[in-house]
Ligand code: ADP
């Protein structure tokens, strides 16, 4: 038999042995001859081969274009990535929300609550660029801004998705990035200038709570004679003694405890002190149920620079816990966890901790050891000296006679204990009328009087 079986139909390639013999006899020669025969003999095969070649060619072309465009992209464009963990992330968003030369179709709203000293809350909204692409022109350079949310990665500490902002611009405009970031930083710091930022814990990190507040003037808090001055002196001495601490290998930290009845000005004084020193305040609520010892330790070791750590009502956190244990819930921080965190703060920067308590007698002596609390001071109900100073601060030094009259009237009441907060209530109620305040002096006998 010198041909393939006759069952093959007319489309089946039929290769004669003669053809094979025409080759040079090598396997390669035979194979190429065979291929040529198959291609020529079968139109489908020939068309398929052509398509295959075309497909391969296109794929090569595509990958070539991708490579060339990737190369061109790398040569001509530059990216800057700002991850949400970085400080400049919030600065940049703030800057973008104010920037006029931009086209954004995706906006996100950010609501800020600000609690004022008198307790009122005001709300403000700002429209920041939302996830997606935005185009801006900055100092003549076009920039594409891509705010991306990682769909899968979550910040486990606070449940928010990780985000990145990528800025892309032409290579020649790359020097605009530093100036843009600098501008964003300047703008952010300017809104904080002359203000105190209050940080609260948010998961495992510190986040500003509301907008920065106006600094509280140190003179607006009236404490008994000499108390304010001695605390300020002590703090200032500490802040200028870094080298002394380092030379002696002592951790550079100092703890203060302000104790006394409510409404005597403990918190207000710490706020005004922060303003005076140009510091911010980090408030930790030890009663927060989802605050664990580990988180407390981490937070205390990662306090934003130039900040006072404020632990309010330290007695309440642990007393409440022992009472509530039977009821089935407890605060996450243990007392030993707090002591460890206080002892373990290992910061090169200074660490100023202020604690407040209305019931110092309930505090465990272990907390009051030097190194944890180095300076204790009673901030008590208003003394005659304070009442006088507060009257004159509210109505002006010119009303000295009225002030004497007020004090006389107050003494006739039998010198009731009165908090500075109560006095403030009376004076605010009679803002422009000191005589009316004298007439109403009797209300000071009722600590819970509502004006
Ligand atoms: P505390 O922390 O001792 O409970 P706060 O500082 O919260 O007291 O004071 C409550 C309110 O009373 C604030 O509005 C504050 O302005 C006012 N106040 C309390 N004490 C003083 C003080 N010594 N001087 C001026 N204002 C005071």
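Looking at the range 420-435 only, could you name the residues that are part of a helix (DSSP H, G or I) and either loosely packed, with under 13 Cβ neighbours inside 10 Å or within 16 Å of the ligand (Cβ to nearest atom) (or both)?
Start the filter on the range 420-435 by keeping residues that are part of a helix (DSSP H, G or I), which leaves 420-429, 434-435.
The answer is 420, 421, 422, 423, 424, 425, 426, 427, 428, 429.
Among residues of the range 265-276 that are farther than 14 Å from residue 424 by Cβ, none has a beta-carbon under 6 Å from a residue that is more than 12 Å from the ligand (Cβ to nearest atom) and assigned to a helix (DSSP H, G or I) at least six positions away or on a different chain.
Kindly evaluate residue 266 against the criterion of being within 16 Å of the ligand (Cβ to nearest atom), touching a strand residue (DSSP E or B) at 6+ places or on another chain (Cβ under 6 Å) and modelled with pLDDT under 95. So residue 266 does not fit the description; no.
Assigned to a helix (DSSP H, G or I) and more than 12 Å from the ligand (Cβ to nearest atom): is that true of residue 361 in this structure?
On the way: assigned to a helix (DSSP H, G or I): yes; more than 12 Å from the ligand (Cβ to nearest atom): yes.
In short, yes.
Scanning the range 195-236 for residues that are surrounded by fewer than 16 Cβ atoms within 10 Å (Cβ to Cβ), more than 29 Å from the chain's Cα centre (by Cα) and part of a loop (DSSP other than H, G, I, E, B) yields 225, 226. Going through (1) more than 16 Å from the ligand (Cβ to nearest atom); (2) loosely packed, with under 13 Cβ neighbours inside 10 Å one by one, residue 417 falls short only on (1).
Name the residue that is nearest to residue 277 (Cα to Cα), counting only residues in the range 240-260 that are in a loop (DSSP other than H, G, I, E, B) and away from the ligand (no atom under 16 Å from the Cβ). Give the steps one after another, and end with the answer.
Filtering the range 240-260 down to residues in a loop (DSSP other than H, G, I, E, B) leaves 240-241, 248-252, 260.
From what is left, the residues that are away from the ligand (no atom under 16 Å from the Cβ) are 240-241, 248-252.
Working: 240: 12, 241: 15, 248: 25, 249: 25, 250: 23, 251: 21, 252: 17 Å.
Taking the candidates together, the pick is 240.
The values are calculated or read from the model by the stated rules, or taken from the named source; none is laboratory data. Since this is a predicted model, take the numbers as computed values, not measurements. No Cβ is skipped: glycine too gets one built from the backbone with ideal geometry, and neighbour counts run over all protein chains shown.
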